[in-house]
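The values are calculated or read from the model by the stated rules, or taken from the named source; none is laboratory data. Please read these numbers as outputs of a predicted model, since none were measured by experiment. No Cβ is skipped: glycine too gets one built from the backbone with ideal geometry, and neighbour counts run over all protein chains shown. We work out accessible area using only protein heavy atoms, side chains counted, and drop any ligands, DNA or RNA first. Shrake-Rupley method; radii C 1.70, N 1.55, O 1.52, S 1.80 Å.
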Amino acid sequence: MKTKVVEYNLEASEFKWDLAPGKTIEAWGFNKQLPGPELRANVGDTLVVRITNNLKEPTMIHWHGLRIPASMDGTGATQKPVMPGEIFEYRFVVPDAGTFWYHSHANETVQLERGMYGALIVEEKTDPVLDGEKVFMIDDMKLDADNKFTKPGWFAPRIVERHDGREGSTLLINGRENSIIDVHGGQTERWRFINSSSARYFQLYLGGKEFKIIGTDGGLLEHPRTVTEVLLTPGERIDIAAGPFSEGETISLEALRYSRSTFLRPKRQKFATVKVGKQKPSVAFIPETLRKIEPLARQDTAITRKVKLSVGPSLKEGMDFLVNDDVHVNDKPVRVGELQIWEVSNTSLMDHPFHLHGFFFQVIEVNGKAPEYMAWKDTVNLTPRCTIKIAWMPDNRPGTWMYHCHILEHHAAGMMANFEVIDGSKPYDGNTHMHHHHH
Ligand SMILES: [Cu+2]
């Protein structure tokens, strides 16, 4: 396929947005829409995104899941924040097909909560053929009776929000409450789900109907997996083949109860309604093998690094969220071309979605056992007291990268680390410089 340059202009600003008729919020976002514009390109294209910051505070954009140069990663470790009134141009080749997303990586607990995110879809000729495609960005907002964003002002709510992550009762798909999703009877569509919420665990359920998982963070799976529910943690993506349904059916798109050991009690909740219209012919074909995924490492390959996620008492704010017993960590560098086998453990009694910037990994072990299927991931959930092994290869993109819990309040409270990927040909002097942190 001939590659091209695909250009977008994104303006970050405050604007009014209707979540439902008469329910208007003061959103922050891109091009005055929530989510921001859906960006699309083909594998190998050069994506050019110019961001104009018309907010009253600095921002940056992180390209979640994209294997792009470190200088384009959009974090405080790799660029100066884009100040109010400034323009910054991101430019990179999109190397992989899949469902990705972009979001603010500055003051995330506020900027993402208010809507600073959008989908980024990269297509490829070898994608399976379906009858249609929809992208669903899952979110929630915590609003007061006047549809204002609540501030966790006094002590107790602040501690709860820091511990649980911020969850609200306004449930959104693509920036709307109670949406109607129209499909045709007899057809099967590709639905791409992106969890862009601060902290919500979304256990997708279509009224008990079976659907096929065909892809996740890093693109297609090897084989479709038929299920009736699937968990999508903050930051993760899942592509499913939905349907065929029968003409006249109405199906609730719900999140089943998932307990991640929060103060707030989880419950089953409805996000949208699927309405099945007139029967139409189908051309959908999901092959049994979607693609080949070569294993990066055997399950018993020696561990090169341990990353421990834990929660401990804080001197100031109830709880600290820790990586290797510290907050806002500078971890050791890795070398280009040296296979990484990381043991990531969660010694706390709550779940944490672990996100690695800029590289895909394979989960090669979960609590001592091989995983059930192969997938390329950039975000993976760690249940309480679990230990996983991930394998990943630092390819030739030296620079500062990071990993963190994708519950935004946990990330802000310290559960993150920066590390260098260093050029393999240079000697390592063990002397990496410090990078500035979130506060
Ligand atoms: Cu966490």
**Q.** Residues within segment 14-30 that are of a type outside the set (F, W, Y) and crowded, with 17+ Cβ neighbours inside 10 Å, tallied
**A.** 4
(Q) I'm checking my understanding of the structure. Among residues of segment 316-335 that are buried (at least 17 other Cβ atoms within 10 Å of the Cβ) and of a type in the set (D, E), which one is farthest from the ligand (Cβ to nearest atom)? (A) D331
Q: Among the candidates V283, V307, single out the residue that is among the β-branched types (V, I, T) and farther than 26 Å from W392 by Cα.
A: V283
Q: Read through the list (1) at pLDDT below 95; (2) within 16 Å of the ligand (Cβ to nearest atom); (3) under 17 Å from R305 (Cα atoms), then give the number of the only condition that G430 fails.
A: (2)
(Q) Filter segment 362-379 down to the residues that are in a strand (DSSP E or B), touching a residue at least 40 places away in the same chain (Cβ under 8 Å) and under 21 Å from the mean Cα position of the chain (by Cα) and list them by number. (A) Q362, I364, K377, T379
Q. Picking from E57, E38, E7, which residue would you name as being within 17 Å of M116 (Cα to Cα) and over 20 Å from the mean Cα position of the chain (by Cα)?
A. E57
Q. Looking only at segment 372-387, which residues are surrounded by fewer than 16 Cβ atoms within 10 Å (Cβ to Cβ) and more than 16 Å from the ligand (Cβ to nearest atom)?
A. E372, Y373
Q: Among residues belonging to segment 306-315 that are surrounded by fewer than 16 Cβ atoms within 10 Å (Cβ to Cβ) and more than 20 Å from I341 (Cα to Cα), point out the one that is farthest from the ligand (Cβ to nearest atom).
A: L315
Q.
Cβ-Cβ under 6 Å, sequence separation 6+ or interchain: first residue in segment 159-170 and within 17 Å of M415 (Cβ to Cβ) and within 13 Å of the ligand (Cβ to nearest atom), partner among the β-branched types (V, I, T) and open to solvent by less than 10 Å² (accessible area, probe 1.4 Å). Which pairs?
A. G165/I407
**Q.** Failed criterion for E338 (all others in (1) open to solvent by 30 Å² or more (accessible area, probe 1.4 Å); (2) of a type in the set (D, E, K, R); (3) within 19 Å of D73 (Cα to Cα) hold)
**A.** (3)
Q: Would you tally the residues in segment 94-119 being over 15 Å from the mean Cα position of the chain (by Cα), under 19 Å from P37 (Cα atoms) and β-branched (V, I, T)?
A: 1
Q. Looking at segment 194-204, which of its residues are in contact (Cβ under 8 Å) with a residue 60 or more places away in the chain and part of a strand (DSSP E or B)?
A. I194, F202
Q: Look through segment 402-416, keep the residues that are outside any helix (DSSP H, G or I) and in contact with a Phe, Trp or Tyr (Cβ under 6 Å, 6 or more places away or on another chain), and return whichever of them is nearest to the ligand (Cβ to nearest atom).
A: M415
Q: Would you check which residues across segment 341-371 are away from the ligand (no atom under 16 Å from the Cβ), of a type in the set (D, E, K, R) and buried (at least 20 other Cβ atoms within 10 Å of the Cβ) and list them?
A: E365
Q. Regarding D300, is this residue more than 16 Å from the ligand (Cβ to nearest atom), in contact with a Leu (Cβ under 9 Å, 6 or more places away or on another chain) and at pLDDT 95 or above?
A. no
Q: From the list R50, R91, R40, pick out the single residue that is of a type outside the set (V, I, T), in a strand (DSSP E or B), open to solvent by 60 Å² or more (accessible area, probe 1.4 Å) and in contact with a helix residue (DSSP H, G or I) (Cβ under 8 Å, 6 or more places away or on another chain).
A: R91
